[in-house]
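Working notes, beginning with the structure itself.
The values are calculated or read from the model by the stated rules, or taken from the named source; none is laboratory data. Small disclaimer: the values here were computed from a predicted structure and weren't measured. Cβ placement follows ideal geometry from the backbone for every residue including glycine, while neighbour counts extend to all protein chains displayed. Side chains are part of the model used for accessible areas, which takes the heavy atoms of the whole protein and leaves out ligands, DNA and RNA. Shrake-Rupley method; radii C 1.70, N 1.55, O 1.52, S 1.80 Å.
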Amino acid sequence: MRTDIFARLDREPEPPKIEAPRMSRHRIALFGGTLAFYVAIVVAVLVSSGLVALDWKVMLFRPYQQWPELHAFLDYYVVLGQRGPTAVMIASWLGWRSWRQHTIRPLLTLGCSLLLLNVTVGAVKLGLGRLGPHYATQIGSAEMFAGGDIFPSGHTANAVVTWGILAYLATTPRARRYLSALSATVSLGVGLTTVYIGTHWLSDVLLGWAAGLLILLALPWFEPLITRAELWIFSVREQWRQRRRSGAPAPAPAPVAAGAPRTVPLPQPTGCESVAAEDGSAATVPAAGAVTAAGQGAAHPGVGARARAHASHPAHPARSERTPVTPAGTRRPPHADRTPRGNTSPARPMTGG
C-alpha cells in the first residue's frame with residue numbers, strides 16, 4: 001500500500017527554481033495577431049458592418065426560448081465568469097501554492113492580471129458606452145455611445161484571465177497544456193452562455209475573448225515588476241521580524257517553589273570595617289584578611305589591623321585585661337519590716353502546758 005499519495009501536499013523545504021515566462025518571438029506574434037483582431041472587432045462595430053447585423057439576428061433568435069431546458073444549468077455555469085467567485089477560488093488555490101513553495105509570485109501575478117483587466121476592459125466599456133440587447137432602442141443599430149457598459153464582455157474577459165492564469169503559472173509543459181485546454185473551454189462556454197441568456201451581443205463576447213488573451217500574453221513584460229515587488233515585501237517582512245525580536249520584553253524570573261532555598265545577594269567586601277570606640281565614635285580599620293602594602297599581618301591580619309588602629313589613636317587607651325571583681329554581699333536593699341534570716345524567731349507559746 002502506498003503511503004506517499006499526499007506527499008506532494010507537504011510544504012517544500014526550499015523555494016523551487018521556476019523560470020518566469022519570457023516574451024519570445026512566438027508570444028509577440030500571438031500578441032500582435034490578437035491585438036489586430038481586437039481592433040478589427042471595434043472598427044466593425046463602430047461602422048455598423050455585417051457583424052452588427054449578425055448580433056441582431058442572434059438576439060432576435062432568442063436562444064433561451066429555443067432551448068429552455070438549458071436555462072437552469074447555464075444560470076449557474078455563467079458564475080464561472082463572475083469576478084468575485086472566480087477570484088476567491090483562484091486566489092485560494094494560488095495562496096496555498098504560495099505557502100507550499102515559499103513564494104508569493106502566484107498571488108502577485110494574479111493581482112497584476114486582475115488590475116490590468118480592470119483598467120483596460122473598464123476603460124473601453126465606459127469609453128464606447130454600448131447598450132446591451134435588453135436595452136436596445138433601434139433594430140440594426142450598434143447602440144454605441146449611449147451610456148452603456150457592455151462592450152467588451154466582462155464575464156468573458158474575466159473567465160479568460162482568471163482561469164488562464166493557472167496555465168500561465170504551471171510548472172511543467174504537460175500541466176500547462178491541460179490547464180490551457182481547461183481555461184479555453186471554460187471561457188468559451190461562459191461567453192456563449194451570456195449570448196444564450198441575452199445579456200451580451202455576439203461581438204461583445206468576441207472582444208472579451210481578445211481582451212483577456214491580450215492580458216495573458218502581455219504578462220511576461222510585467223515579470224520584472226512582480227519580482228521587485230516580491231523582494232520588497234520579503235525585505236519588509238524581515239525588518240518587521242527583527243524589530244519584533246529586538247523589542248521583545250525580558251523573560252520573567254521563574255517562581256521559587258515553597259521551601260526551596262533562595263539565593264540572597266551578599267554585600268561585597270570593601271577591604272575595611274568600622275570599629276566602635278569607647279566614646280561612641282566609629283573608626284574605620286582594614287577588614288580581616290586584607291593585606292597591607294608592607295605585607296604586615298599576614299599571619300593574623302585581623303589582630304594586627306585592630307592593634308594598629310588602637311595605637312594610632314592615643315586618646316583612646318587600650319583596655320587592660322583584668323578579671324572582673326564581683327561585689328561582696330547582697331545587692332538587695334534593706335527593708336525595715338523584714339527580719340534577717342540569720343536571727344532566730346521568738347519562741348511560740350506552747351499550748352496545753
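Within region 117-134, can one find any residue that is charged (D, E, K, R) and assigned to a helix (DSSP H, G or I)? Yes - at least one qualifying residue is present in region 117-134. Note on region 38-67: residues that are under 21 Å from V186 (Cα atoms), open to solvent by 60 Å² or more (accessible area, probe 1.4 Å) and part of a helix (DSSP H, G or I) total 1.
Restricting the search to region 7-35, which residues are of a type in the set (A, V, I, L, M, F, W, C) and either in contact with a Cys (Cβ under 6 Å, 6 or more places away or on another chain) or exposed (fewer than 11 other Cβ atoms within 10 Å of the Cβ) (or both)? Hits for region 7-35 are A7, L9.
From V121, V186, which residue is within 40 Å of the chain's Cα centre (by Cα), aliphatic (A, V, I, L, M) and over 24 Å from W56 (Cα atoms)? Result of the check over V121, V186: V186. When restricted to residues that are surrounded by fewer than 14 Cβ atoms within 10 Å (Cβ to Cβ) and within 20 Å of G154 (Cα to Cα), region 80-98 contains 4.
Number of residues in region 109-128 that are of a type in the set (A, V, I, L, M) and either touching a residue at least 40 places away in the same chain (Cβ under 8 Å) or crowded, with 18+ Cβ neighbours inside 10 Å (or both) equals 7.
Listed by position, the helices (runs of 4 or more DSSP H) enclosed by region 151-256 that each have at least 2 residues that are touching a helix residue (DSSP H, G or I) at 6+ places or on another chain (Cβ under 8 Å) and surrounded by fewer than 19 Cβ atoms within 10 Å (Cβ to Cβ) are 173-197, 223-246.
Restricting region 68-107 to residues that are farther than 20 Å from S183 by Cα and not in a helix (DSSP H, G or I) leaves a set whose member that is modelled with the lowest pLDDT is H102. Contact annotation: residue pairs with Cβ atoms under 7 Å, 6 or more positions apart or on different chains, pairing a residue in region 143-155 that is farther than 19 Å from G191 by Cα and of a type in the set (D, E, K, R) with a partner that is assigned to a loop (DSSP other than H, G, I, E, B) and modelled with pLDDT of 90 or more, are E143/R130; E143/L131. Annotation note: Cβ proximity below 9 Å between a residue of region 50-71 that is under 15 Å from E143 (Cα atoms) and a residue that is of a type in the set (A, V, I, L, M, F, W, C) and open to solvent by 70 Å² or more (accessible area, probe 1.4 Å) (sequence gap 6+ or interchain) occurs for W56/I139.
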